[in-house]
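The values are calculated or read from the model by the stated rules, or taken from the named source; none is laboratory data. Everything numeric in this text was worked out from a predicted model, so none of it was measured. Here Cβ is always computed from backbone atoms with ideal geometry, including for glycine, and neighbour counts include all displayed protein chains. The protein model used for the area step is the full one, side chains on, heavy atoms only, and it has no ligands, DNA or RNA in it. Shrake-Rupley method; radii C 1.70, N 1.55, O 1.52, S 1.80 Å.
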Amino acid sequence: MTIKTVGVLGAGTMGSGIAQVFARNGYEVHLVDNQPSHLQKSVGKIQKGLDKCIARGMIDEERKLASIERIHTSPRMEVFAECDLVVEAVTEEEPTKIALFQSIDRICPEHTILASNTSAISLTRMAAATKRPDRFMGMHFMNPVPIMELVELIRGLQTSDETFNTLHEVSKTLNKTPVSVKDYPGFVSNRLLMPMINEAIYTLYEGVASAEDIDAVMTLGMNHPMGPLKLADVIGLDTCLFIMNVLHDGFKDSKYRPCPLLQQMVDAGLLGKKSGEGFYTYEAEPENIATF
Ligand code: NAD
């Protein structure tokens, strides 16, 4: 199946990056968000992102302008009627995503593939809310999307081979490396990353070492580009807690129980960089470089 026109729902951190990468690689893009101000901000972010691509010698000015021309913004999902693929990247709330997919399912032609960029919600459950569970799957990009090479392709229980193969090929046209993953809690990325972050929080909670020293062990000792506590701050502690709860509920295994300190920090509104304080203190709005 040929994909030419792509819908992106949600013009936040991930949606902006996803729209940029599709447009840069020749796809027509309909970027939709119910907050017009987010659409405006997103276009500015995409332009800056494309400028960075020029600075790195990845594209020239002409390709930048052509990419921008391929992005059409709208607050209305009806534009998805023209799309061969719709990638959803709205806030990580299952009822919201399910309601939106039911609307998108009604709007889109029969051939359209629906994909979610969810970090942890079951694709099988979301697919079951539509009339096309065979043309539904996860397309989990990493943050920042224009830079990170990986995309996790998550098959729901009823995802067809044709749908999977189509998005596998599409991922390669975006210069990404797709990996095939089954629909299990946290997929692969967050099943491995989040327990490490949670264990780092337990290590701090039990007074084994300071935040700085815990992070130093992983950066200087294990060659990780960022320590787990700093990474948790960048991702957002509320998001880390949400994903730990998905793992805990999904596997019913106490090894995934969120650290009480993580819960308390979220209750206190200490969410990391976005709130100005988490395991570290931040002065200004951060540059978001997490990969979850
Ligand atoms: P974000 O908060 O930056 O952006 C979400 C956008 O969705 C906002 O612009 C919001 O206005 C829009 N939105 C919310 N409800 C809507 C609705 N009903 N209709 C239209 N637009 C709506 O969030 P994000 O960080 O970009 O995350 C989006 C998705 O990607 C989530 O599922 C998240 O788990 C996943 N994800 C995030 C990251 C990350 O590092 N941020 C990485 C991988 C996956």
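So, in the range 13-56, exactly how many residues are within 16 Å of the ligand (Cβ to nearest atom) and either in a helix (DSSP H, G or I) or open to solvent by 30 Å² or more (accessible area, probe 1.4 Å) (or both)?
So the answer is 25.
For the range 1-12, a residue qualifies if it is open to solvent by less than 10 Å² (accessible area, probe 1.4 Å), more than 12 Å from residue 117 (Cβ to Cβ) and either basic (Lys, Arg) or more than 6 Å from the ligand (Cβ to nearest atom) (or both), and the qualifying residues are 6, 7.
Where helices (runs of 4 or more DSSP H) fall entirely within the range 145-226, none has at least 3 residues that are under 18 Å from the mean Cα position of the chain (by Cα) and among the polar types (S, T, N, Q).
The rows are residues; the columns are (1) open to solvent by less than 50 Å² (accessible area, probe 1.4 Å); (2) at pLDDT below 95; (3) closer than 28 Å to residue 248 by Cβ; (4) not hydrophobic (A, V, I, L, M, F, W, C).
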residue: 153; (1), (2), (3), (4): yes, no, yes, no
residue: 169; (1), (2), (3), (4): no, no, no, yes
residue: 183; (1), (2), (3), (4): yes, no, yes, yes
residue: 196; (1), (2), (3), (4): no, no, yes, no
residue: 222; (1), (2), (3), (4): no, no, yes, no
residue: 227; (1), (2), (3), (4): yes, no, yes, yes
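In this structure, does residue 137 turn out to be in a strand (DSSP E or B), buried (at least 17 other Cβ atoms within 10 Å of the Cβ) and more than 10 Å from the ligand (Cβ to nearest atom)? Yes; evaluated as a whole, the condition is true for this residue.
Conditions (1) under 23 Å from residue 185 (Cβ atoms); (2) more than 8 Å from the ligand (Cβ to nearest atom); (3) more than 21 Å from the chain's Cα centre (by Cα), marked per residue:
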position	(1), (2), (3)
76	no, yes, yes
83	no, yes, no
89	yes, no, no
94	yes, yes, no
97	yes, no, no
104	no, yes, no
111	no, yes, yes
115	yes, yes, no
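Of all the numbered requirements in (1) among the hydrophobic types (A, V, I, L, M, F, W, C); (2) open to solvent by less than 40 Å² (accessible area, probe 1.4 Å); (3) out of contact with any His (no Cβ under 8 Å at 6 or more places or on another chain), residue 83 misses one, and that requirement is (3).
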